[in-house]
1. Pull up all non-local amide H partners of Q70: gap of 5 or more, or a different chain, and H-to-H distance under 5 Å with H placed in the peptide plane.
2. Determine ³J(HN,Hα), in whole Hz, for all residues of the range 63-73 in sequence, where each value follows from phi through the Karplus function 6.51 cos²θ - 1.76 cosθ + 1.60 and θ = phi - 60°; x replaces Gly and Pro.
3. I need the calculated FRET efficiency for the pair A12 and V35, taking r as the beta carbon distance and R₀ as 30 Å, to the nearest 0.05.
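We did not get these values from a lab; they are worked out from the coordinates using the rules stated. From a predicted model like this one, the values you see are computed outputs, not experimental measurements. All Cβ positions, glycine included, derive from the backbone under ideal geometry; neighbour counts span all protein chains shown.
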Amino acid sequence: MRIRRILAAVFATAALAGLGLTGTATAATVTAGSVTPASVTPGECTDNGGTIDRSTTPLPTCRGGMYDKQTVD
């Protein structure tokens, strides 16, 4: 009977620790994925489906794609 309680406690602790690690990894992935750069290179703009709009001032702007409305250096 005592061994069953100990095993149940060990499994419960392992399960809760696993959930905690998974939640931390997910939060880190979401945070890293949502960061957008202040400006992108022309290659990054075109490689991700955008076109460079040089008619905007003071810097060109990426139009469309992943980096829409980001300035291009």
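1. Close amide H contacts, sequence-distant or interchain: C62.
2. Calculated HN-Hα couplings, in order: 10, x, x, 5, 9, 4, 6, 8, 6, 10, 8 Hz.
3. Step by step, r from the Cβ atoms, then E = 0.25.
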